[in-house]
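Worksheet: the structure to be examined is printed underneath.
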Amino acid sequence: MTAKIKYVATTLATLLFLGGFSLWAMLRPADEFSDTERRPLKQFPELSVQTLLEGSFMEFFEGYTLDQFPMRESFRTIKALVADKVFLRGDNNGIFEEDGYLSKLDYPLNEESVTHAAERFKYVYDRFLAGKDVNTYLAVIPDKNYFLAEENGYPSIDYDALYEAIYEKTPFLTPIELRGQVKLSDFYKTDTHLRQESLLPTASALLTGMGGKADAKYEKVTLSTPFYGVYHGQSALDPAPDVLSYLTSDALKECKVFDYQNNKEISVYELSKAEGKDPYEVFLGGPLSLVTIENSNADTDKELVVFRDSFGSAIVPLLAEDYAKITLVDIRYLHPLLLGSSIQFESQDVLFLYSTSVLNNSETIK
């Protein structure tokens, strides 16, 4: 009888647990966004005869239940701790930690992706730059896995092969080597990006490689708001946040910055973004398609056009003191066909500045 009672009690407890959580999930309002994962959460799918017959309702409903499960963040943390401390897994959903740095697995080398990026660069060159009085350059920024993955036994892309491939496929661009300028300590511990205060050697290499000078002096300003990088929430382990700092100067303070995507003037450093979902957007307002920086105090009348990814947001301000005007273009958001109406290519330096992570995942480059 005792065994039967235990069996019944266990069954009832299980049913109450599952039923209670199911009822809770149905009654609670659906969350629209996960701040920790920085992504929109799936909402209740359309229910109709057509979606039921097609099977799409159940497919999307499964995703909805996973995203909207009660206490989801707590269960994510428990799962991550068990994977890390009990099963000693090296990563949790692709996020791993070494030497206090969080990173995301990215492997193997995607040769088709590198080829796609090179073809898009060639499209821009052939359509707008060939035959013009412009100087064209390519600089590839190593990502965090360049320093962390293979050395610590994680699967890694073949970085030497990536560099060799992109250089070989873009002979129309003069390479500027950055691998010797970037170190692991230059990265935020919880984010994919580089700390701007560590980027002066990188900026110096770029300016020197384009025939300029790198003698500007900067003041470092540290924000009091903690910086929770993109991997902080994705890891579900609640690591310590980073500190967010930026470099400024009298010349940078007087630069005029215009955001053509939203048709408004902005600042080199949009400090209000420090309180937002992604504090890295402090640097030039974040992922904007077309931005100009005008420096009336420049010693030259040179202009620079930078085709870039998000890494450029922190690097490019450190190039501004050597140029009267810099135009930043992100062709992940702006199709190159539209460039002719926005930029007159003549007598400029043109820099393609991309991270290895974007080159290995270049499907967003238009």
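Here are some notes:
- On the principal axes of its alpha-carbon atoms, region 272-315 has extents of 38, 21, 15 Å, going from largest to smallest.
- Between SER267 and ASN297, full extension at 0.36 nm per residue minus the direct alpha carbon distance yields a gain of 9.2 nm.
- Label point distance in nm, ALA3-ALA214, each placed 7 Å from Cα along Cα→Cβ: 7.6
- Spherically averaged projected area of the convex hull of Cα atoms, region 115-242: 10.6 nm².
- Zero-based 5 Å bins, Cα pair distances in region 255-366, whole percents: 2, 12, 22, 25, 21, 12, 5, 1
- Unit Cα scatterers, Debye sum, region 191-238: log10 I(q)/I(0) for q = 0.22 Å⁻¹: -0.86
- Peptides ranked, highest mean first, by Cβ atoms within 10 Å: ranges 347-357, 291-301: 347-357, 291-301
- Unit Cα scatterers, Debye sum, region 197-330: log10 I(q)/I(0) for q = 0.10, 0.15, 0.20, 0.22 Å⁻¹: -0.33, -0.72, -1.22, -1.42
- Kirkwood analysis of region 224-267, using all unique Cα-Cα pairs, places the hydrodynamic radius at 13.5 Å.
- FRET efficiency for LYS169 and ASP133, using Cβ-Cβ distance with R0 set to 25 Å, rounded to 0.05: 0.55
- For region 127-248, the share of DSSP beta bridges that are antiparallel, to the nearest 5, is 65%.
Read-outs: derived from the displayed coordinates by stated rules, not from any lab. What you see is a predicted model, and the numbers here were worked out from it, not measured in a lab. Don't worry about glycine lacking a Cβ; one is built from the backbone with ideal geometry, like all the others, and counts go over all protein chains shown.
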